[in-house]
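Undergrad: Dropping a structure here in structure tokens format, bear with me for questions.
The values are calculated or read from the model by the stated rules, or taken from the named source; none is laboratory data. Just so it is clear, the model here is predicted, and its values are computed rather than measured. Don't worry about glycine lacking a Cβ; one is built from the backbone with ideal geometry, like all the others, and counts go over all protein chains shown.
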Amino acid sequence: MRKQIVAGNWKMNMTKEEGQALISEVVNMAKDEVKANTILVLCTPAPHLGYAKRMFQSQANVFLGAQDCHEKASGAYTGEISAPILKSFEVDYVILGHSERREYFKESDELLKAKTDQALANNLIPIFCCGESLSQRQAGSGFIEFVCGQITNSLFHLSAEQFAKVVIAYEPIWAIGTGLTASSEQAQEMHAALRKHIASKYGELANEISILYGGSAKPSNAPELFACPDVDGGLIGGASLKSRDFIDIAKALK
Ligand code: PGA
């Protein structure tokens, strides 16, 4: 059985007070409402990582995530945060290759390869994002190959043992923060293609890899998306900032 995961990507939102309130609401609701085998991950801005873990230590299925890490272990890189620093704050997961970082910070497949290596070397679980732009989707062909290529370029150097630890998040860029969601057919088509692509390199292991959907997921569309056989949860942006919505999305998991 693949891990079923709903991860919240807070992006650059939430002051300390807002963050603390949100975490305590999520933890309280999760206790009563979310299945024990559903994994919740809260990917907060870095300053929240210092206290957040303490707030859900009693809740075995809630984990802490960062939104990025540097490709080097340490050094003179003002403003950056390394994987060893994250691990020392008991971070469990790290989002890598989010389309906002690919676009605004010019993160390449090659750089993300190095970041993935850093994350894995420090026992962080990468939530590796991939996805096509609107113009690539509208071109009508080639977008599946493009997304599979992102996986090849950044992850196919991993050993099977390493790859087994990675979580994939398919996030069509045209659906992120736009209110447009991929239809369940579009999501299933891409998730199945990604799994087949992973199988071409890693065989049966592909069936063990969780592939999350991201892009304007909300309580109203989560049940249909999560019903797809190859969708194993979601990476949630906007809706993760509201405890009720985030928990309702998590409850939609199979
Ligand atoms: P969204 O963001 O749910 O607000 O579309 C998803 C993401 O960027 O991870």
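Undergrad: Taking residue 177, is it of a type outside the set (Val, Ile, Thr) and within 15 Å of the ligand (Cβ to nearest atom)?
TA: The answer is yes for residue 177.
Undergrad: Shifting gears a bit: Suppose we keep only residues that are at pLDDT below 95 and in a helix (DSSP H, G or I) within segment 137-172. Which one would you say is nearest to the ligand (Cβ to nearest atom)?
TA: By that ranking, first place goes to 137.
Undergrad: Are any residues in segment 5-29 surrounded by fewer than 22 Cβ atoms within 10 Å (Cβ to Cβ), away from the ligand (no atom under 13 Å from the Cβ), touching a residue at least 40 places away in the same chain (Cβ under 8 Å) and among the hydrophobic types (A, V, I, L, M, F, W, C), and if so, which ones?
TA: 14, 29
Undergrad: Tell me, yes or no, whether segment 161-172 has at least one residue that is in contact (Cβ under 8 Å) with a residue 24 or more places away in the chain, surrounded by fewer than 19 Cβ atoms within 10 Å (Cβ to Cβ), in contact with an Asp or Glu (Cβ under 8 Å, 6 or more places away or on another chain) and among the aliphatic types (A, V, I, L, M).
TA: Yes; the residues of segment 161-172 include at least one that is in contact (Cβ under 8 Å) with a residue 24 or more places away in the chain, surrounded by fewer than 19 Cβ atoms within 10 Å (Cβ to Cβ), in contact with an Asp or Glu (Cβ under 8 Å, 6 or more places away or on another chain) and among the aliphatic types (A, V, I, L, M).
Undergrad: Do you know which residues across segment 48-72 are assigned to a helix (DSSP H, G or I) and farther than 15 Å from residue 23 by Cα?
TA: none
Undergrad: Test each condition in (1) within 21 Å of residue 100 (Cβ to Cβ); (2) more than 16 Å from the ligand (Cβ to nearest atom) for residue 200 and report the one that comes out false.
TA: Here residue 200 meets the rest and fails (1).
Undergrad: While we're here: Of a type in the set (Asp, Glu), free of Cβ contacts under 8 Å to residues at least 24 places away in the same chain and away from the ligand (no atom under 16 Å from the Cβ) - does that describe any residue in segment 74-88?
TA: yes
Undergrad: Can you tell me which residue is surrounded by the fewest Cβ atoms within 10 Å (Cβ to Cβ) among those in segment 200-248 that are under 15 Å from the mean Cα position of the chain (by Cα) and more than 26 Å from residue 155 (Cβ to Cβ)?
TA: Filtering segment 200-248 for residues that are under 15 Å from the mean Cα position of the chain (by Cα) and more than 26 Å from residue 155 (Cβ to Cβ), the one surrounded by the fewest Cβ atoms within 10 Å (Cβ to Cβ) comes out as 238.
Undergrad: Okay, next question. Confirm whether residue 202 is touching a residue at least 12 places away in the same chain (Cβ under 8 Å), closer than 18 Å to residue 145 by Cα, touching a helix residue (DSSP H, G or I) at 6+ places or on another chain (Cβ under 8 Å) and not in a helix (DSSP H, G or I).
TA: no
Undergrad: Moving to a separate point now. Can you say whether residue 44 is within 22 Å of residue 216 (Cβ to Cβ), modelled with pLDDT of 95 or more and either loosely packed, with under 13 Cβ neighbours inside 10 Å or more than 16 Å from the ligand (Cβ to nearest atom) (or both), as far as the supplied structure shows?
TA: Spelling it out, it is not the case that residue 44 is within 22 Å of residue 216 (Cβ to Cβ), modelled with pLDDT of 95 or more and either loosely packed, with under 13 Cβ neighbours inside 10 Å or more than 16 Å from the ligand (Cβ to nearest atom) (or both).
Undergrad: May I pose another question? Can you tell me which residue is farthest from residue 130 (Cα to Cα) among those in segment 208-253 that are polar (S, T, N, Q), away from the ligand (no atom under 11 Å from the Cβ) and assigned to a loop (DSSP other than H, G, I, E, B)?
TA: The initial filter retains those residues of segment 208-253 that are polar (S, T, N, Q), namely 210, 216, 220-221, 240, 243.
Filter again for away from the ligand (no atom under 11 Å from the Cβ), leaving 210, 220, 243.
Narrowing further to those that are assigned to a loop (DSSP other than H, G, I, E, B): 210, 220.
Working: 210: 14, 220: 24 Å.
Here the residue is 220.
Residues checked against (1) among the polar types (S, T, N, Q); (2) part of a helix (DSSP H, G or I); (3) modelled with pLDDT under 95:
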{"position": "107", "(1), (2), (3)": "no, no, no"}
{"position": "123", "(1), (2), (3)": "yes, no, no"}
{"position": "126", "(1), (2), (3)": "no, no, no"}
{"position": "180", "(1), (2), (3)": "no, no, yes"}
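Undergrad: Would you be able to tell me the number of residues in segment 191-219 that are over 20 Å from residue 1 (Cα atoms) and touching an Asp or Glu at 6+ places or on another chain (Cβ under 9 Å)?
TA: Residues in segment 191-219 being over 20 Å from residue 1 (Cα atoms) and touching an Asp or Glu at 6+ places or on another chain (Cβ under 9 Å): 4 in total.
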